[in-house]
Structures are given as structure tokens and as C-alpha cells.
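Enquirer: Dropping a structure here in C-alpha cells format, bear with me for questions.
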Amino acid sequence: MRDSILQWLRSFVPQRSVVDRFERMRACVGALFGILLTGLLSVSILPHEAATVWLIAPMGASAVLLFAVPASPLAQPWSIIGGNLVSALVGVSCAKLVAEPALAAALAIALAIACMFALRCIHPPSGAVALTAVLGGPTVHAMGYGFVVTPVLLNSFLLLAMALFFNNATRRRYPHAQQNEHRNNTHGTADAAPTARLGFSHDDLDAVLRRYNQVLDISRDDLEEIFLQTEMEAYRRRFGETVCADIMSSDVVAVEFSTELAEAWRLMREHRLQALPVIDRARRVIGIVTKTDFLHHAGPHDYLGLGDKLRAFLQRTPHTHSIKPEVVGQIMSAKVRTASVRLPIVQLVPLMADEGVHQIPVIDDEKRLAGMVTQADMVAALYVNNLARASAGLRAVAS
């Protein structure tokens, strides 16, 4: 009995926060910045009269959401504007139509929640707005429906403007719009991306959320991203910390910006490569050239006379000036994905499986080319890791 009571009491203790000091300080400074400027601007805009309400208390609760949890669906622009607007309208109407304050307050809160559900703008501080409209006293009651515009909408718009500026200035995506980006494959077919076929799907998540049937204070795309990152962490734990340096090819065939096209093509054929990293004199990666780049610039879109077109493209123009590309730097892709020698190979799986990247240059701490990781290297590494785990499991059973 005593243990049960202690366990019940411990359930009231909040979990330890995983938010770092910078994020906590960012939220505090944001709320200070938002409320201060909202109050000062409201005072300057509204008439200077004793009966004027220039800042309402629910804005403090809105500031907590907009600056401390800007990713929450409850803190998005439509939530604060729509929620505060409809709640103020409901609150003023209940105050005018219901004489009993307690009943008017209860009706205002209930109807405000119903309207926010219907308009998809749930914002908890809006409940306080509805309550303020009912119990705000003679000053608020005398304002009538003017209370909806000033100070409610004015305060809401000003605080939202502060949140838009401050959150983006401190590198927090706001508005935190729902992304709804499906992991489609790169071939334009109806199949899901390879990693999506093995893990949970969008439909799986939707089905669980429907069964859960509660409002979550987290956006759906953030929830999915957390699940995906959790899967990645589990893969890393199972497969160990195999990094790019463990599986990369270190004897890499590379070219420079000024390498002639014919020479680069010869290297590809001689070494049976699909791509060549392009480096500068300090061996820093500045691009990558693939067979696709050659074919694209040669222009064999109809595949007729492919060999002749490619030979003409590779042949150097004898003139001083030419409109045709002559060196690798003119056809390479400058936006090249690279990986650090210390990067766990598990983090390359989505890039190679879903985005169709076949090879990734590996760079050292000084950003110099150190090796190359291909899809074949990844398959071999994952196979060996799985084989090692299976062998360890069999030895454990045998012992």
C-alpha cells in the first residue's frame, strides 16, 4: 500500500527537460522582446484614456507558446489570430446575453473551445480571452464588441509579428507549417521510397493517431521526424558505429577543373567508374562529374547516333574559342554531397536509398578528399554487420 502511494505521488513529478540552456534563454528573451514591444506599440496606437485597455493578460500565455514552443500546432499564426478572435466574439456575446456571470463564463469557455475545434485554431490562451470578456469588469463590458478589435486583435497581431521576426532571427522555423512531404522514390513511380517500405508508412502513423484520438501538442511532420530519427538511432546501436573511413575506397581516381573531357571519359572507362570527384590543387572537393553529365551535355536525347554525338562532344575543338564545353569544370555538378570520414554509415542510408545518390566523396578534417563511398560499399558493410550479429547470436545460443 505504501509503495503504491509513493509510486502515485512520483507520477506527479515532471520529467527532466532535454532542452539546453540556449533554448531556455532564447525563449525567455523572446517573451521579453515580444511582450515589451507589443505593450509599447499598443500604448502608442491606442488613445491615452484612463478606461483604455492596452494589453490583456492572455497575451502572456500566448507569449509562452509563441516563443517557448514555436513548433507547437497551438502556437501557429492561425491559432493565435483565429483562436483569440473567435473567443473574444463568443465571450462578449455571452456577457451580453447571459446575466449570471458564472454561467456566462462557463458557456463562453465551452463555446470558444467548440468554435476553435471547428475552425482548427485551438489556442489555449484564447480560453482566457473569452473569460476576460465575461469577467473583465465594467471597463471591458463598456467596450462591447470593440474589445474584439482593440485590444484583442491588435495585441494578437503585434505579438505574432514579434514572434515571426524573433523566431526566424534565432533560427527557429516559424510559422512551423505542416510539411506533409512523402518520401517518394526518385523514379517517378507509385512505389514508396526504399526506406519507407521497410519502416512505418504515413498510413500507419495516421491509423495510430486516429486510434489515439487526442489532441497532440506536436505537429504531425515533427512527430514523424522524431520516429524516423529514433529508428536511425536504433540502427546505429544495432550496427555499431561503423564510419565512412572504415568502408571507403581511399585510392580515389579524381580529376581537376581543367581536365579535358576526353581524359575524364577515358579514366571512367578504364576504371569502370560512374563518377569522378573534381578537386582543386589542395585536393578539396569542388564538384563531381558523372556519366549522366557527359550524356546530358552531348545531347543524345533521342538516342539516335549516340556514339557519334558523344565522340563529337569529347573531341577537343581546335579553335581558341568554343561554345562547346571543353573541360570537366564546364559540365560538373558543383553542388556535391560529401561526407566526413567520421560520419556513421547509417546516416548515408536515406541519402543513397531514397535520393538515388550512388557515390559520395569522403573528406577529412581539412576538407580534403580522403575517399569514396559507393552503394556497393554500403551493401557490403551492412551485410557484414548483419552476418556478424547473426553469428554472435548463434554463439550465444550455443553457449
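Enquirer: Rank these for me by crowding, 174, 235, 212, going from fewest to most other beta carbons within 10 Å.
Expert: 212, 235, 174
Enquirer: So between residue 250 and residue 106, what do we pick up on full extension, going 0.36 nm a residue minus the alpha carbon distance?
Expert: 44.7 nm
Enquirer: Kirkwood Rh, region 48-165, all Cα pairs: how many Å?
Expert: 13.9
Any read-out appearing in this document is the output of simple, stated calculations on the displayed coordinates, not a laboratory observation. Fair warning: this is a prediction, and the values are worked out from it, not measured in the lab. Don't worry about glycine lacking a Cβ; one is built from the backbone with ideal geometry, like all the others, and counts go over all protein chains shown.
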